[in-house]
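A.B. asks: Mind having a look at this structure? Questions to follow.
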Amino acid sequence: MTNSVFDIFRIDRLGKGIFSKLIFTFGLLVGISVYFCPLGDTDFSAFIAWFESAMSSYDAMMNASYADLSMLTPGNYIFLGHVMASNFLIIFCSFVYTAVYIRQYRKEHGLMDPGDSGYLIPPRFLKPLTVGRLVLRMIIFFCFSLIIFISATIGVLYLFLIFIIILPYISMYPACYLSGDSGLISSFSEMIKVVKGYYLVNSRNILLILSILVVGNWISSALMSLVPSIAYVLRPLIQVFISLSYGRYIGKVYCRMREVPGGLIRVTELP
């Protein structure tokens, strides 16, 4: 990015800052709810005892079947569903942030003259969505991403390396659709086009954001056994902050990729 990389983490710089505070508070409450008011049964002692026993015995591990999951109670499944729903909503907050950032950016820069902007495609040709159409697309994308989230959660466990390689591409899908530039299906092909010339810089910055998330989760995990009450707040706080930072980065870089396709010219400053 042409701006300081630290600007990615200035999540409060969105319009008047009210929306970013609201979505941050919502995400934080969703994350904290898993620890302070969990749904279902959080006692996994029976399953953990069976798992440790299976891991210590090669025969038991090789002969394990889905029937062994009966060790999990219905309450355990409800709690796991609560955890997944919390993670999904926090991730979706980043998509919402991206959509609002792109709309706000286009409203503020839409009147720039081609000669003054220095962009191949002046911002005035990239129209912001109306509030009504944006909300409608968010609802559609929420339903669509819910299906993708469940399948992707399973797939990432087996195809993690491939997921990391294609992440700079699929990260642009929400921006392509929620910006109003493409349809729900055509955004898949469009996300590949817009990343052309920006793949390496996107890979670097996305991995930087994810690395901070990993370090933050490691610190909060270390605090779990020492001061659980602090760790219960710190972990979701880090997750929400990084999620919105990620959404801010996607919004910023998408605006630049649209205005300077393929990175053909160098822009000294991204307003």
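The values are calculated or read from the model by the stated rules, or taken from the named source; none is laboratory data. Computed from a predicted structure; not experimentally measured. Quick reminder, even Gly has a Cβ in these numbers, built from the backbone with ideal geometry, and neighbours come from all protein chains shown.
A.B. asks: Before we move on, is Val131 among the hydrophobic types (A, V, I, L, M, F, W, C), more than 27 Å from Pro236 (Cβ to Cβ) and out of contact with any helix residue (DSSP H, G or I) (no Cβ under 7 Å at 6 or more places or on another chain)? Give the steps one after another, and end with the answer.
C.D. replies: Numbers: among the hydrophobic types (A, V, I, L, M, F, W, C): yes; more than 27 Å from Pro236 (Cβ to Cβ): yes; out of contact with any helix residue (DSSP H, G or I) (no Cβ under 7 Å at 6 or more places or on another chain): yes.
Against the criterion (among the hydrophobic types (A, V, I, L, M, F, W, C), more than 27 Å from Pro236 (Cβ to Cβ) and out of contact with any helix residue (DSSP H, G or I) (no Cβ under 7 Å at 6 or more places or on another chain)), Val131 qualifies.
A.B. asks: Now a separate question. Of the residues in segment 110-144, how many are crowded, with 19+ Cβ neighbours inside 10 Å, at pLDDT below 90 and assigned to a helix (DSSP H, G or I)?
C.D. replies: The qualifying residues number 1.
A.B. asks: Separate question: Against the condition assigned to a helix (DSSP H, G or I), modelled with pLDDT of 80 or more and under 21 Å from Lys16 (Cα atoms), how does Val83 come out, does it pass? Don't jump to the end; show me each part of the working.
C.D. replies: Values: assigned to a helix (DSSP H, G or I): yes; modelled with pLDDT of 80 or more: yes; under 21 Å from Lys16 (Cα atoms): no.
Here the answer is no, as Val83 does not meet what is asked.
A.B. asks: Of all residues in segment 151-199, count the ones that are of a type in the set (Lys, Arg) and at pLDDT below 85.
C.D. replies: Start the filter on segment 151-199 by keeping residues that are of a type in the set (Lys, Arg), which leaves 193, 196.
Add one more test, that the residue is at pLDDT below 85, and what stays is none.
Qualifying residue count for the region: 0.
A.B. asks: Considering only residues that are at pLDDT below 90 and not in a loop (DSSP other than H, G, I, E, B), which ones fall in segment 20-39?
C.D. replies: Start the filter on segment 20-39 by keeping residues that are at pLDDT below 90, which leaves 35-39.
Matches in segment 20-39: Tyr35, Phe36.
A.B. asks: Suppose the filter is closer than 24 Å to Gly81 by Cα and among the aromatic types (Phe, Trp, Tyr); does Phe188 pass it? If you could, list the steps in order and put the result at the bottom.
C.D. replies: Details: closer than 24 Å to Gly81 by Cα: no; among the aromatic types (Phe, Trp, Tyr): yes.
Criteria not met by Phe188.
A.B. asks: Let me ask something else. If you check Tyr169 against the conditions, is it under 24 Å from Asp7 (Cβ atoms) and either among the aromatic types (Phe, Trp, Tyr) or part of a loop (DSSP other than H, G, I, E, B) (or both)? Outline the logic, then answer.
C.D. replies: On the way: under 24 Å from Asp7 (Cβ atoms): yes; either among the aromatic types (Phe, Trp, Tyr) or part of a loop (DSSP other than H, G, I, E, B) (or both): yes.
Spelling it out, Tyr169 is indeed under 24 Å from Asp7 (Cβ atoms) and either among the aromatic types (Phe, Trp, Tyr) or part of a loop (DSSP other than H, G, I, E, B) (or both).
A.B. asks: Right, something else. Can you name the number of the only condition in (1) modelled with pLDDT under 85; (2) closer than 20 Å to Tyr249 by Cβ; (3) surrounded by 13 or more Cβ atoms within 10 Å (Cβ to Cβ) that Thr42 fails?
C.D. replies: Going through the list (1) modelled with pLDDT under 85; (2) closer than 20 Å to Tyr249 by Cβ; (3) surrounded by 13 or more Cβ atoms within 10 Å (Cβ to Cβ), Thr42 breaks only (2).
Rundown of residues vs (1) without any contact (Cβ under 8 Å) to a residue 12 or more places away in the chain; (2) over 21 Å from Tyr105 (Cβ atoms); (3) among the β-branched types (Val, Ile, Thr), yes/no style:
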{"residue": "Ile166", "(1), (2), (3)": "yes, yes, yes"}
{"residue": "Ile170", "(1), (2), (3)": "no, yes, yes"}
{"residue": "Asp181", "(1), (2), (3)": "no, no, no"}
{"residue": "Leu223", "(1), (2), (3)": "yes, yes, no"}
{"residue": "Val240", "(1), (2), (3)": "no, yes, yes"}
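A.B. asks: Related question: So Ser4 ticks every box in (1) closer than 26 Å to Val201 by Cα; (2) at pLDDT 85 or above but one. Which box is left unticked?
C.D. replies: Single failed check for Ser4: (2).
A.B. asks: Taking the condition of being of a type in the set (Phe, Trp, Tyr) and over 14 Å from Val253 (Cβ atoms), how many residues in segment 166-206 meet it? Give the derivation first.
C.D. replies: Residues of segment 166-206 of a type in the set (Phe, Trp, Tyr): 169, 173, 177, 188, 198-199.
Of the ones still in play, those that are also over 14 Å from Val253 (Cβ atoms) are 177, 188.
Total meeting the criteria: 2.
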